[in-house]
Amino acid sequence: MTTWPKAIAAAAKRLEAAGVHSPRNDAELLAAHVSGLKRAQLLIADAPTDLQLAAFEALVARRTTREPLQHLTGSAAFRYGELAVGPGVFVPRPETELLVDWALAHLPKGGIVIDACSGSGAVAHAIATERPDATVWAVEIDPDAFEWLESNLDGTGATPVLADATAAGTLAELDGTVDLVTANPPYVPFEIEVAPEVDFDPSGAVYADEAGLAVIQPLTVRAASWLKPGGWFGFEHDDTHGKAAPAILSVSGFTETEDHDDLAGRPRFATGRLGLSP
Ligand SMILES: C[S@@+](CC[C@H](N)C(=O)[O-])C[C@H]1O[C@@H](n2cnc3c(N)ncnc32)[C@H](O)[C@@H]1O
């Protein structure tokens with residue numbers, strides 16, 4: 001009879017052979033998902049039932065095909081929350097939490113926020129729940145992703161909007177009144193090689209033409225219209241955009257432009273402040 005620790009050790013070996021980056025971690029999380037136990041409890045838990053073992057083996061097999069762990073468990077941890085995710089929506093990445101740190105530090109009390117390219121709503125959800133004084137709008141263009149966005153934002157007070165964030169008419173009623181715009185837009189240049197897990201994200205969430213800048217450029221123009229003078233815009237970008245991203249902000253009327261590295265030391269997000277009226 002197998003035990004949870006034995007099943008996990010065998011699964012971790014299979015995942016490692018398949019090139020999964022954190023095999024032990026993923027095996028433990030899948031076991032916790034199937035058993036309903038916490039990871040630490042698995043060490044001393046009763047042996048898995050046949051049904052649990054079969055479900056675990058099936059999930060491990062899917063993970064060996066590099067299907068994202070979050071699709072298998074149906075949820076992604078982001079800051080203090082859990083987002084429901086699955087096919088049709090981008091899985092939020094930990095590095096985007098840095099953009100949220102920056103955003104919260106630049107959000108005035110009672111401020112108005114637009115999170116463009118909202119996907120699962122990771123950024124909007126974090127801001128709305130960590131700063132309930134803010135009014136948060138979340139704009140997403142893809143109807144499939146929008147379904148996840150609507151359900152994730154339910155009860156947070158944030159408002160999901162199905163629209164092209166770069167279009168002049170989108171939330172035009174807010175023009176000149178917004179304090180902060182955030183975005184994690186699609187930005188990967190088409191020629192860049194990505195991890196197999198990324199193939200499970202919708203391609204419109206990941207890749208962009210014009211060396212990855214096709215959404216960032218018009219979005220920066222739109223953000224400048226939404227913002228009030230002195231308002232802030234921060235957006236994530238590819239690590240090849242460390243110079244281009246702040247330059248795009250400058251030509252669109254932003255001052256105090258800055259680029260920020262992620263925890264691995266790679267250029268990851270750019271920020272700027274809309275110039276005050278003369
Ligand atoms: C990289 S994902 C980011 C999702 C989420 N903000 C996050 O950080 O996990 C980019 C999202 O932008 C959406 N998107 C792409 N172009 C858009 C546009 N013009 N207007 C609004 N959303 C757009 C995609 O459908 C996708 O959901």
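Beta carbons closer than 6 Å, at least 6 apart along the sequence or on distinct chains, pair a first residue in region 158-185 that is without any contact (Cβ under 8 Å) to a residue 60 or more places away in the chain with a second that is within 11 Å of the ligand (Cβ to nearest atom) and basic (Lys, Arg) for 166/222. Taken over region 148-170, the criterion of being surrounded by fewer than 16 Cβ atoms within 10 Å (Cβ to Cβ), within 22 Å of residue 215 (Cβ to Cβ) and of a type in the set (Asp, Glu) is satisfied by 150 alone.
Note on region 6-17: residues that are farther than 23 Å from residue 194 by Cβ and free of Cβ contacts under 8 Å to residues at least 40 places away in the same chain total 6. On inspection, residue 101 does not qualify as part of a strand (DSSP E or B) and at negative phi.
Restricting region 124-173 to residues that are among the β-branched types (Val, Ile, Thr) and within 12 Å of the ligand (Cβ to nearest atom) leaves a set whose member that is farthest from residue 219 (Cα to Cα) is 127. Criterion applied to 194, 123 was being free of Cβ contacts under 8 Å to residues at least 24 places away in the same chain and β-branched (Val, Ile, Thr), and the one residue passing it is 194. Restricting attention to region 237-278, which residues are assigned to a strand (DSSP E or B), among the small types (Gly, Ala, Ser) and within 15 Å of residue 96 (Cβ to Cβ)? Within region 237-278, just 270 meets the criteria. Residues that are open to solvent by less than 30 Å² (accessible area, probe 1.4 Å), away from the ligand (no atom under 16 Å from the Cβ) and within 30 Å of residue 130 (Cα to Cα) number at least 1 in the following helices (runs of 4 or more DSSP H) confined to region 1-95: 23-35, 69-73. Please enumerate the residues belonging to region 108-123 that are more than 13 Å from the ligand (Cβ to nearest atom) and open to solvent by 10 Å² or more (accessible area, probe 1.4 Å). Result: 108, 109, 110, 112.
In the set (1) more than 21 Å from residue 76 (Cα to Cα); (2) among the small types (Gly, Ala, Ser); (3) in contact with an Asp or Glu (Cβ under 9 Å, 6 or more places away or on another chain), the condition left unmet by residue 119 is number (1). Selection of first residues in region 18-35 that are hydroxyl-bearing (Ser, Thr, Tyr) and of second residues that are outside any helix (DSSP H, G or I), restricted to Cβ pairs under 8 Å at least 6 apart or on distinct chains, gives the following pairs, ordered by first then second residue: 35/45; 35/48.
Based on this model, can you work out whether residue 232 counts as outside any loop (DSSP other than H, G, I, E, B) and either more than 15 Å from the ligand (Cβ to nearest atom) or free of Cβ contacts under 8 Å to residues at least 24 places away in the same chain (or both)?
So residue 232 fits the description; yes.
Scanning region 235-248 for residues that are away from the ligand (no atom under 16 Å from the Cβ) and either open to solvent by less than 40 Å² (accessible area, probe 1.4 Å) or among the acidic types (Asp, Glu) (or both) returns 242, 244, 246. Within the option set 173, 210, 193, 140, being surrounded by 15 or more Cβ atoms within 10 Å (Cβ to Cβ) and out of contact with any Lys or Arg (no Cβ under 8 Å at 6 or more places or on another chain) holds for one residue only, 140.
The values are calculated or read from the model by the stated rules, or taken from the named source; none is laboratory data. What you are looking at is a predicted structure, and each value in this text was computed from that prediction instead of being measured. Cβ atoms come from the backbone with ideal geometry, glycine included; neighbour counts cover every protein chain shown. What goes into the accessible areas is simple: the full protein's heavy atoms, side chains included, and nothing from ligands, DNA or RNA. Shrake-Rupley method; radii C 1.70, N 1.55, O 1.52, S 1.80 Å.
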